[in-house]
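Sharing a structure below in structure tokens format, with a few things to ask.
The values are calculated or read from the model by the stated rules, or taken from the named source; none is laboratory data. These figures come from a predicted structure and were not determined experimentally. Positions of Cβ are backbone-derived with ideal geometry, glycine not excepted, and every protein chain shown enters the neighbour counts.
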Amino acid sequence: MIELKNIRKTFRVAKRNAGLKAAAKALFRKEYTEIHALQDVSFKINDGEMIGYIGPNGAGKSSTIKIMSGVLTPDSGECLINGRVPWKERAAHVQEIGVVFGQRSQLWWDVPVIDSFELIRDIYRVPEEKYRKNLEDLTELLDIGEIVKTPARQLSLGQRMRCEIAASLLHDPRILFLDEPTIGLDAVSKIAVRDFVKTINREKGTTVILTTHDMQDIEALTERILLIGKGKILLDGSLEQLKSRKSTHRTLTVDYVGERLPLLPEMQVKKDLDGHAEIVLDTEKLSISDAIAHISAAAEVKDISVAGENIDDLVVSLYKEFAL
Amino acid sequence: MRKYLSFFRIRFLAGLQYRAAAWAGIATQFAWGGMSILMYRAFYQSGQSAFPMEFSQLSSYIWMQQAFLAMFMVWFYDNEIFDHITSGSIAYELCRPCDLYSMWFVKNMAIRLSRVVLRCAPILLVAALLPAPYGVTLPASLEAALLFPISMLLGFLVMVAFSMLVYISAFYTISPNGVRILVTSVLEFLAGGVLPIPFFPDWLRPVMYALPFASMQNTPYLIYVGHFAAGDALGGMVMQLFWVIALVLMGKGWMNRALKKVVVQGG
């Protein structure tokens, strides 16, 4: 159970104008500007949930993760995770969480990955039996049996990321923070990572909080989304809610036999060529089932699919709506 | 405790990988030790009586210094720690159920010791075979032989505890280089790295002995070569113990303060 209430965090950043004169001046008097990384962030996450935490760069995602993992102390506000305040009971708190920072590495650079794993085992005092079992499961699920004997410096990014994720789960954390875990990965590795995250969420009931810029991650993994922008939570809801909130337009893609599709007035044709048509309709005026019924009655349909608004477009338009 | 041992182990093993660097280091240290001894020989030939140590004691001092250089070298820092602070990777270390100060302390000990292990034996072996006043001799007495290892350990802890302060300063300065250069040059001098402390003028020595730097390499080596009589040796070791405790307390206090207002850099 994670509960944040009115969390605020402000950073002071040294600032100076360009040029030699300004640089000389800064030697004697530094000017600071305040950056309000988080202003009044509140939310609640139940055990076993899988949350997509999204927002543009600089919105405050990483700051929130750092506060929840006990690395940063907020200026004000309350944060309770499994009944503990992270920055006050850091040692006990971190024993129950796993963190993957996609842009940093926790593996020791010049020793085989398995040595890093053993170090992590000792750091978290994981009992030998449990360690062996977890290691076995993780190596199998993430398919890293072959690569754990290689030094981390010789791994590809995808291999390394799988090892990083394994490393953060060796101590059976109840909560897993994934900060951009798929950044820079190829399609195959991304899918492997997603499948794995899904599996542990389902089978172990691990609460997963995922920040990402990859909308496919969100689509594949999370049911609930928190959108943060300019340090505030803007939206909290399911992906479906977000989609429908934004748009009632759907695109029907139809493959059929025949010359041209007979259309209803509510249908808008984007493309209709050689038995392949793309039709946009407003679901408030015409329901999807009615549209499909009409089309299949009028032509011999080979294939038909319905697509909502592309999720990338959705997020961009949400960012615009909130003027981020 | 076990986690810190594991930390020590992984860093120690990683340090042992760099064999070529060790051979290069051994060669350099031989050259340096040999040159120093030849230089002092020229001075000593002009008159023995003006010097505070016998020439053979001085040779031993220099060879010990070269053999255990990695334990006490003041210019050496673990760049990984600076990187972690300046790049923000420290975020990972902060979400471990460990004390960061102890973790870094152990890491530093491990990396320095791994270097010494590879280097000290060949240097000592060859230096022991050199003809009499130029080589390294056995400890000056049974007492010296017993006190020397303890004093080495204490001196090593003083060294590491002091370098921790330099690491912690990186939380405040972003670029640690300025502090490092300043500290290195002053420290090398005051620790007896350039010139053994007994060679300094009478009025300056008390000041140097009051500072923590004399408690690093100076005390154990002077015990080894027999420059310190039993009473002086114990006094020196009490001083060492005092500085270990004082520097560790200072470092821990400063680190806790730094972490409270830490800004993890980047992303």
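State whether one or more residues within the range A:75-90 are within 14 Å of chain B (Cβ to nearest Cβ) and within 28 Å of residue A:319 (Cα to Cα).
Yes, because at least one residue in the range A:75-90 is within 14 Å of chain B (Cβ to nearest Cβ) and within 28 Å of residue A:319 (Cα to Cα).
Just give me the residues in the range A:141-154 being touching a residue at least 40 places away in the same chain (Cβ under 8 Å) and surrounded by 20 or more Cβ atoms within 10 Å (Cβ to Cβ), in sequence order.
First, the residues of the range A:141-154 that are touching a residue at least 40 places away in the same chain (Cβ under 8 Å): A:141-143, A:151-153.
Within the range A:141-154, A:142, A:152 qualify.
Suppose we keep only residues that are of a type in the set (Asp, Glu) and assigned to a helix (DSSP H, G or I) within the range B:177-235. Which one would you say is nearest to residue B:142 (Cα to Cα)? Walk me through how you get there before you give the answer.
Pass one, the range B:177-235, residues of a type in the set (Asp, Glu): B:188, B:202, B:232.
Going one step further and asking which of them are assigned to a helix (DSSP H, G or I), we end up with B:188, B:232.
Numbers: B:188: 30, B:232: 15 Å.
Step by step, filter the range B:177-235, then rank; the result is B:232.
Quick grid of which residues meet (1) buried (at least 21 other Cβ atoms within 10 Å of the Cβ); (2) within 20 Å of residue A:47 (Cβ to Cβ):
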residue: A:139; (1), (2): no, no
residue: A:163; (1), (2): yes, no
residue: A:174; (1), (2): no, yes
residue: A:199; (1), (2): no, yes
residue: A:208; (1), (2): yes, yes
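Could you identify the single residue in A:169, A:141, A:178 that is over 15 Å from the mean Cα position of the chain (by Cα), under 18 Å from residue A:100 (Cα atoms), of a type outside the set (S, T, N, Q) and not in a helix (DSSP H, G or I)?
On the way: A:141 fails: not in a helix (DSSP H, G or I); A:178 fails: over 15 Å from the mean Cα position of the chain (by Cα).
One residue alone meets the criteria, A:169.
Return a yes/no flag: does the range A:79-92 have any residue that is within 22 Å of the chain's Cα centre (by Cα), crowded, with 22+ Cβ neighbours inside 10 Å and free of Cβ contacts under 8 Å to residues at least 40 places away in the same chain.
We begin by selecting, within the range A:79-92, every residue within 22 Å of the chain's Cα centre (by Cα); these are A:79-82, A:86.
Checking the rest, the ones that are also crowded, with 22+ Cβ neighbours inside 10 Å come to A:79, A:81, A:86.
Now drop any that are not free of Cβ contacts under 8 Å to residues at least 40 places away in the same chain, which leaves A:86.
Taking every residue of the range A:79-92 in turn, at least one turns out to be within 22 Å of the chain's Cα centre (by Cα), crowded, with 22+ Cβ neighbours inside 10 Å and free of Cβ contacts under 8 Å to residues at least 40 places away in the same chain.
Surrounded by fewer than 18 Cβ atoms within 10 Å (Cβ to Cβ), away from every other protein chain (no Cβ under 13 Å) and out of contact with any Ser or Thr (no Cβ under 7 Å at 6 or more places or on another chain) - does that describe any residue in the range A:118-131?
For the range A:118-131, residues surrounded by fewer than 18 Cβ atoms within 10 Å (Cβ to Cβ), away from every other protein chain (no Cβ under 13 Å) and out of contact with any Ser or Thr (no Cβ under 7 Å at 6 or more places or on another chain): present.
Search the range A:68-78 for residues being at pLDDT below 90 and buried (at least 21 other Cβ atoms within 10 Å of the Cβ), and hand back the single one that is farthest from residue A:209 (Cα to Cα).
A:74
For the range A:201-242, which residues satisfy the criterion of being in a helix (DSSP H, G or I) and either under 20 Å from residue A:183 (Cβ atoms) or modelled with pLDDT of 85 or more (or both)? Can you show your working first?
Initially, the range A:201-242 is screened for residues in a helix (DSSP H, G or I), giving A:201-204, A:215-221, A:239-242.
A:201, A:202, A:203, A:204, A:215, A:216, A:217, A:218, A:219, A:220, A:221 - these are the residues of the range A:201-242 that are in a helix (DSSP H, G or I) and either under 20 Å from residue A:183 (Cβ atoms) or modelled with pLDDT of 85 or more (or both).
How many residues are more than 20 Å from the chain's Cα centre (by Cα), buried (at least 16 other Cβ atoms within 10 Å of the Cβ) and not hydroxyl-bearing (Ser, Thr, Tyr) when one looks only at the range B:15-50?
Of the residues in that region, 2 qualify.
Would it be correct to say that residue A:110 is within 12 Å of chain B (Cβ to nearest Cβ), crowded, with 20+ Cβ neighbours inside 10 Å and modelled with pLDDT under 90? Talk me through it step by step, then tell me what you get.
Values: within 12 Å of chain B (Cβ to nearest Cβ): yes; crowded, with 20+ Cβ neighbours inside 10 Å: no; modelled with pLDDT under 90: yes.
When the stated conditions are applied, residue A:110 does not pass them.
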